[in-house]
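The block underneath contains the structure these notes are about, expressed in C-alpha cells.
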C-alpha cells in the first residue's frame, strides 16, 4: 500500500440511516492500493441518489458512514505501483463501480454494472464530495483539455441516460418518444433521444415548470400533467417509446397507457413504492418493459465523445457551483426543484 499523509479535508458525509443524517466532517487523505490512483477532485455533481440518502427515502444498502458523491472528475496526484498507462496530472473522470467481482459472469462479459457484488462510490465506499478520493485505475477515462471539469463531472448521469436510450431501448430516427420526469436523467435522456433523431416530449408536474423550461433548450416539447393528447396525436395508438425517469412506481401505469401496441417502456427511474395496479396492458398491448441500470466502459467513451464534440451540451442543466461546505444549499435547491443539477467544488 502507498501511505498517505495526515492531511485532512472537508467531506460531505452520510453518517446514519435516519433522515437528515448528512454533515461536513474532516477526513484524512485516502491510502491507495497498487492498482489505484489518488484523484484530486475538481468538481463533483449532486445526484438524485445523494438527495435520497439525505432524506432517507432510498432503496439500496448504504455502508455508513460514507462520503457522498459519485459524479466527479479531477487530476491524478498519485499512482499505485501496478498502474500502467496513467500519469500524475492526467485529467480524468471516473466510473462508479468502485468494487466489482471480476470473476462474476456479468463482469466477464463487460457488464460489471450488473455484477451483484458491485459497490459504488457514495454508498458502498467513500465518494468524491471531498478533496481526494481513492479510485481503481480501471474506472478512469481521459477527458480533453477543452472540456471543463464542471461539465465533465456530469459524464456519469449522461452515461445513465445514454445507456437507457441508446443501448437498452430500440430507437430509430422519426420515432415519437415521451420522457416521464424532468430531472437530470429525464432531461439528458430527452437530449440523447433528440441526437438519435426522435421527436420528444418531456412530461412533468406543475412543480416542475422551471425544469421543463430548461428542457426546452434541448428542442423538446414540454407538457405539464396529462400527455395523452400528444401521445395520440399521430394515429391514436400512442408513442413508440416511453422513458420512465420519474422516481415513482406509479408512472409505469401512465407509461402503459401512453405507449403504442408493440412499443417499449424503458424504466430508469427508481421508485420503491408497491405498484398497486394491474400489469395486464403489458400483455394485451405486447409491450416490451426494459429496466436500465448504470453503464459500462463503452458507454462512457461514447458519452465523452459526444460531450467533447459539442453534440451533448450539459451547460443548460447546471444550476450553480457551490463549495462542498455549502452542500446543504446545493442539495436543497435541487430537492425543491429550483434547479436541475448542482455541482460542488472541494475546498
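The values are calculated or read from the model by the stated rules, or taken from the named source; none is laboratory data. In this text the structure is predicted, and so the values were computed from the model without any measurement. Backbone-built Cβ (ideal geometry, glycine too); neighbour counts: all protein chains shown.
In segment 109-122, the count of residues that are in contact (Cβ under 8 Å) with a residue 40 or more places away in the chain and more than 19 Å from residue 297 (Cβ to Cβ) is one or more.
Residue-by-condition table, conditions (1) free of Cβ contacts under 8 Å to residues at least 40 places away in the same chain; (2) in a strand (DSSP E or B); (3) buried (at least 20 other Cβ atoms within 10 Å of the Cβ); (4) touching a strand residue (DSSP E or B) at 6+ places or on another chain (Cβ under 6 Å):
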{"position": "178", "(1), (2), (3), (4)": "no, yes, yes, yes"}
{"position": "188", "(1), (2), (3), (4)": "no, no, yes, no"}
{"position": "209", "(1), (2), (3), (4)": "yes, no, no, no"}
{"position": "262", "(1), (2), (3), (4)": "yes, yes, no, no"}
{"position": "270", "(1), (2), (3), (4)": "no, no, no, no"}
{"position": "281", "(1), (2), (3), (4)": "yes, no, no, no"}
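Just one of (1) without any contact (Cβ under 8 Å) to a residue 40 or more places away in the chain; (2) more than 24 Å from the chain's Cα centre (by Cα); (3) surrounded by 24 or more Cβ atoms within 10 Å (Cβ to Cβ) fails for residue 215. It is (2). Would you confirm whether any residue within segment 22-43 is within 29 Å of residue 334 (Cα to Cα), out of contact with any strand residue (DSSP E or B) (no Cβ under 7 Å at 6 or more places or on another chain) and exposed (fewer than 15 other Cβ atoms within 10 Å of the Cβ)? Scanning segment 22-43 turns up no residue that is within 29 Å of residue 334 (Cα to Cα), out of contact with any strand residue (DSSP E or B) (no Cβ under 7 Å at 6 or more places or on another chain) and exposed (fewer than 15 other Cβ atoms within 10 Å of the Cβ). Looking at 52, 58, just one residue is at negative phi, buried (at least 17 other Cβ atoms within 10 Å of the Cβ), out of contact with any strand residue (DSSP E or B) (no Cβ under 9 Å at 6 or more places or on another chain) and in a loop (DSSP other than H, G, I, E, B), and that residue is 58. Checking the stated criteria, residue 159 turns out not to satisfy the condition of being crowded, with 24+ Cβ neighbours inside 10 Å, under 30 Å from residue 289 (Cα atoms) and either over 14 Å from the mean Cα position of the chain (by Cα) or free of Cβ contacts under 8 Å to residues at least 12 places away in the same chain (or both). Take residue 294 and decide whether it is assigned to a loop (DSSP other than H, G, I, E, B), under 19 Å from the mean Cα position of the chain (by Cα), surrounded by 15 or more Cβ atoms within 10 Å (Cβ to Cβ) and without any contact (Cβ under 8 Å) to a residue 60 or more places away in the chain. Taking the combined requirement at face value, the residue does not satisfy it.
All told, residue 342 meets the bar of being within 15 Å of residue 183 (Cβ to Cβ) and either under 21 Å from the mean Cα position of the chain (by Cα) or outside the structural domain of residue 178 (by TED's automatic domain parsing) (or both). Annotation note: Cβ proximity below 7 Å between a residue of segment 52-65 that is over 14 Å from residue 15 (Cα atoms) and a residue that is modelled with pLDDT under 95 and assigned to a loop (DSSP other than H, G, I, E, B) (sequence gap 6+ or interchain) occurs for 59/270; 59/272.
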